[in-house]
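Take a look at the structure below.
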Amino acid sequence: MDTSNEKKLEQLGSFEISDQMLTLAQDNQRQNVFLNAGRGNPNWINKKARLAFNRLIKFGLQESERTIAEGDLIGYTELQDISTHFTEFLSPETNEIDHFLLQMLKYTDQLGIDSNDFVKELADGVLGNNYPVPSRVLKNSEIILNHYLESVLYNGTSLTNQTDIFPTEGGTAAIVYIFNSLRENKLIRPGDRIAINTPIFTPYLQIPELSDYELVEVDLQSTEENHWELLPSEIEKLTDPDLKAFFIVNPSNPGSRALDASALAEIKKVVQTNPDLMIITDDVYGTFVENFQTIYAVVPHNTLLVYSFSKLFGATGWRVGLIAAHKENVFDRLIQTLPSEDQKLLTQRYQLVVKEPEKMAFIDRLVADSRSIGLYHTSGLSTPQQIMEVLFALTHLLAGETDPYIDTSRKIINERYKNLHDALQLAADESCDNSKYYSLINIYELAERRYGRAFREYLASHFEYIDFLVRLAEKNGVVLIDGVGFGTAAGQVRVSEANLPTKDYKLIGREILEVLKEYHAAFEKLNSSTK
Ligand SMILES: *Cc1c(COP(=O)(O)O)cnc(C)c1O
């Protein structure tokens, strides 16, 4: 690929560049097996929750036949005795999943959830025969999701009864809905300053720059030297009272680093000086760090929490995520302090769907806005998706503190990370705050380490930064993702430890070194011809 084409490529976002690389890699010159370590999509899935979903469908259908049964046209479930029917349906002695479902009933009973009510919610939910009601979240589902979040993300802090949840079509929809409702409710306006922790998942860089938003981004940078840790000196930037909001991915993507206790303490301090700061934390990777604690647990009144089941449970195709907010929060408070002109407009906006729009909580506004208000009555995540979230959550809640599934997911990631670093002869970052879901590899640094400073400079000055990735794809069939689109310096590439067989990470390491060796051969040739 020539330089001008590479320059055009560099204009695209990281994921779009990666798509272009896929084509190159699929018919790579060496005819190597094509290895795509670009995407964060895991290559594992959770089996138990899916089997449970399947059993619930079976039960739901059987139950529906009690009311109407005319061939393929069958009826609806009824509340009375449905949990008795369910326990009769289950064979816990012979069927492991039925045993799980029975345990689930015991667990929810202990939480004070009415079993008829819950079984009906599950059965109707998986069948999807009704609009989601209440539209924000199914009643019992919210309780279970709350317990899940508390168990995996809060690290001992109790917020279950104080948290409202809005399940969404993955973390992606959560992000889009939040930006949109913040703008619609005048909580962020064009020209406002917002902070982000960079490098960061591309949409957080791209959305604020769109003409609909025109936000000014302030970077809280983490660097390779500090193992992508967000230092207190950077967090301090949040004390600026002009900053409206802070968007953070924690553990970060692509840096894969979680905030430690001292960083969380710093955040708490910052919120004391800047009590109007709105924080949006995307904790999709939280479960990959042992004893992880979310910002939401530390400053719940200022924080919206985004979570997704996509990564841990291998469920990107399901589109299952959520937004959580404290019942008392800065978003609601700031809406109350808007200029009266804005308040009037917002009252007009939401009075189409609620009687007292002034009192409508921000999280409910998110739900209404997600369907352009007019379709509020049909809003909410599809009920099968909500029940899938609940079942994923329950696999963890019934497994207890040392959930073997979560443990295994961490072990897999860890082994792949080790394979890659061993092959590249790079030191592993064994900090307990490193999720290891992604690795950022500095190609220039690697070049210098292996062949010296002059070679590094040659590489950086003679080639577009994207050239390394193009060659790696075109010749060796390996696709990685460019880090610049995430806000890294040129030369950083992201390797996902989620989506390839564990042994392939050694191969990726070798191919990276192979490409460097070829650049080096050209460099030597150039040197000898100019001598
Ligand atoms: C993968 C990812 C998501 C996307 O989640 P989906 O639920 O698949 O939409 C959100 N945030 C970050 C930081 C991610 O890396």
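The values are calculated or read from the model by the stated rules, or taken from the named source; none is laboratory data. The structure displayed is predicted, hence computed values, not measured ones. No Cβ is skipped: glycine too gets one built from the backbone with ideal geometry, and neighbour counts run over all protein chains shown.
Between a first residue in the range 422-435 that is in the same structural domain as Asp504 (by TED's automatic domain parsing) and under 26 Å from Phe292 (Cα atoms) and a second residue that is buried (at least 17 other Cβ atoms within 10 Å of the Cβ) and polar (S, T, N, Q), which pairs have beta carbons less than 8 Å apart while being 6 or more apart in sequence or on different chains?
Pairs found: Asn434/Ser256; Ser435/Ser256.
Would you tally the residues in the range 362-372 being buried (at least 17 other Cβ atoms within 10 Å of the Cβ) and either at pLDDT below 95 or in a loop (DSSP other than H, G, I, E, B) (or both)?
Within the range 362-372, the first condition is being buried (at least 17 other Cβ atoms within 10 Å of the Cβ), and the residues that meet it are 362-370.
Keeping just the survivors that are either at pLDDT below 95 or in a loop (DSSP other than H, G, I, E, B) (or both) gives 370.
Of the residues in that region, 1 qualify.
Scan (1) touching a residue at least 40 places away in the same chain (Cβ under 8 Å); (2) over 18 Å from the mean Cα position of the chain (by Cα) for the single condition Asn274 breaks and write down its number.
Unmet condition: (1).
Return the pair list, or none, for Cβ contacts closer than 6 Å from residues in the range 321-334 that are more than 16 Å from the ligand (Cβ to nearest atom) to residues that are of a type in the set (A, V, I, L, M, F, W, C), at least 6 apart or on different chains.
Ala325/Leu304; Ala325/Ile363; Val330/Met278; Phe331/Phe362; Asp332/Ala361; Asp332/Phe362; Leu334/Leu187
Are any residues in the range 442-464 in contact with a helix residue (DSSP H, G or I) (Cβ under 7 Å, 6 or more places away or on another chain) and touching a residue at least 60 places away in the same chain (Cβ under 8 Å), and if so, which ones? Working first, answer last.
Of all residues in the range 442-464, those in contact with a helix residue (DSSP H, G or I) (Cβ under 7 Å, 6 or more places away or on another chain) come to 443-444, 446-448, 450-451, 455-456, 458-460, 464.
Passing the criteria: Ile443, Leu446, Ala447, Arg450, Tyr451, Phe455, Tyr458, Leu459, Glu464.
May I ask you to say which residue of Asn5, Asn41, Asn32, Asn36 is more than 20 Å from Ile441 (Cα to Cα) and surrounded by 14 or more Cβ atoms within 10 Å (Cβ to Cβ)?
On the way: Asn5 fails: surrounded by 14 or more Cβ atoms within 10 Å (Cβ to Cβ); Asn41 fails: more than 20 Å from Ile441 (Cα to Cα); Asn36 fails: more than 20 Å from Ile441 (Cα to Cα).
Of the residues listed, the single one that is more than 20 Å from Ile441 (Cα to Cα) and surrounded by 14 or more Cβ atoms within 10 Å (Cβ to Cβ) is Asn32.
Only one of these is within 16 Å of the ligand (Cβ to nearest atom) and either without any contact (Cβ under 8 Å) to a residue 40 or more places away in the chain or under 24 Å from Arg257 (Cβ atoms) (or both): Gly191, Gly171. Name it. Talk me through it step by step, then tell me what you get.
Working: Gly191 fails: within 16 Å of the ligand (Cβ to nearest atom).
Just one listed residue meets the conditions, Gly171.
State yes or no: is Phe166 assigned to a loop (DSSP other than H, G, I, E, B), within 15 Å of the ligand (Cβ to nearest atom) and not charged (D, E, K, R)?
Details: assigned to a loop (DSSP other than H, G, I, E, B): no; within 15 Å of the ligand (Cβ to nearest atom): yes; not charged (D, E, K, R): yes.
Here the answer is no, as Phe166 does not meet what is asked.
Specify the residue that is modelled with the highest pLDDT; the eligible residues are those in the range 373-394 that are outside any loop (DSSP other than H, G, I, E, B) and surrounded by fewer than 21 Cβ atoms within 10 Å (Cβ to Cβ). Let's see the steps before the verdict.
From the range 373-394, those outside any loop (DSSP other than H, G, I, E, B) are 376-378, 383-394; that's our starting set.
Filter again for surrounded by fewer than 21 Cβ atoms within 10 Å (Cβ to Cβ), leaving 376-378, 384.
On the way: Tyr376: 91, His377: 90, Thr378: 92, Pro384: 98.
So, considering only residues that are outside any loop (DSSP other than H, G, I, E, B) and surrounded by fewer than 21 Cβ atoms within 10 Å (Cβ to Cβ), the one modelled with the highest pLDDT is Pro384.
What pairs come out if I take residues in the range 250-264 that are over 23 Å from Ala498 (Cβ atoms) and pair them with residues that are among the polar types (S, T, N, Q) whose C-beta lies under 7 Å away, six or more apart or interchain?
From residues that are over 23 Å from Ala498 (Cβ atoms), the pairs are Leu264/Gln293.
State which residue is surrounded by the fewest Cβ atoms within 10 Å (Cβ to Cβ) when the search covers only the range 96-132 and only residues that are in a loop (DSSP other than H, G, I, E, B) and touching a residue at least 40 places away in the same chain (Cβ under 8 Å). So that I can check it myself, show each step before the final result.
Step one: of the range 96-132, the residues in a loop (DSSP other than H, G, I, E, B) are 111-114, 128-132.
Filter once more, so that each one left must be touching a residue at least 40 places away in the same chain (Cβ under 8 Å): 128-132.
Numbers: Gly128: 16, Asn129: 14, Asn130: 10, Tyr131: 12, Pro132: 21.
So the residue we want is Asn130.
Got a sec? Which of Ser135, Ser64, Ser91 is surrounded by fewer than 18 Cβ atoms within 10 Å (Cβ to Cβ) and over 22 Å from Leu397 (Cβ atoms)?
Working: Ser135 fails: surrounded by fewer than 18 Cβ atoms within 10 Å (Cβ to Cβ); Ser64 fails: surrounded by fewer than 18 Cβ atoms within 10 Å (Cβ to Cβ).
Only one candidate passes the filter, namely Ser91.
Report those helices (runs of 4 or more DSSP H) wholly inside the range 446-531 carrying at least 2 residues which are hydroxyl-bearing (Ser, Thr, Tyr) and crowded, with 23+ Cβ neighbours inside 10 Å. Spell out the reasoning first.
Working: elements: 453-462, 467-474, 504-530.
Filter on the range 446-531 gives an empty set.
Right, Thr347: part of a helix (DSSP H, G or I) and within 16 Å of the ligand (Cβ to nearest atom) or not?
Numbers: part of a helix (DSSP H, G or I): yes; within 16 Å of the ligand (Cβ to nearest atom): no.
So Thr347 does not fit the description; no.
How many residues are within 16 Å of the ligand (Cβ to nearest atom) and at pLDDT 95 or above when one looks only at the range 202-225?
Keep residues of the range 202-225 that are within 16 Å of the ligand (Cβ to nearest atom), which gives 202-208, 220, 222.
If we keep only those that are at pLDDT 95 or above as well, we get 220, 222.
Residues that pass the stated criteria total 2.
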